[in-house]
Amino acid sequence: MSDQHAIALYAAAAVITAIGSLYFAWRNRDFRKFLAGRILSYHRAPRKPRPLTKRHVRELKAHSRARTSVAVISKQTKRTIGALRMKARHLGLPLGHRR
């Protein structure tokens, strides 16, 4: 066997070992969380809360009087259920169809 063949075999063995170790590392949840925190956080834009305008508050009060379910309000206003509940509680409004 020539030296070039031996070097090619060593290179192939190194690649196979690296792929195997990455596969097992990827299966580890802590490694995925580490990658998500390190790599993906650089590409994510910071969140900016969208304040509720007077028109939104007026709509929220109307939904409260109409006893509309929170899920429906959430889809219409494109806000989370938690955000709507928090704002309604801050305004002293009962929210949802069951209350």
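Out of ARG58, ARG67, ARG85, I need the residue that is closer than 14 Å to ARG98 by Cβ and either out of contact with any His (no Cβ under 8 Å at 6 or more places or on another chain) or at pLDDT 95 or above (or both). Which one?
ARG85
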Practice task
Under 8 Å between Cβ atoms, at least 6 apart or on separate chains: pull out the pairs that start in the stretch 75-99 with a residue that is within 14 Å of PRO49 (Cα to Cα) and of a type in the set (Lys, Arg) and end on any residue that is at pLDDT below 90 and in a loop (DSSP other than H, G, I, E, B).
Solution key: ARG79/ARG50
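The values are calculated or read from the model by the stated rules, or taken from the named source; none is laboratory data. Just so it is clear, the structure is predicted and the values come from calculations on it, not from any experiment. Positions of Cβ are backbone-derived with ideal geometry, glycine not excepted, and every protein chain shown enters the neighbour counts.
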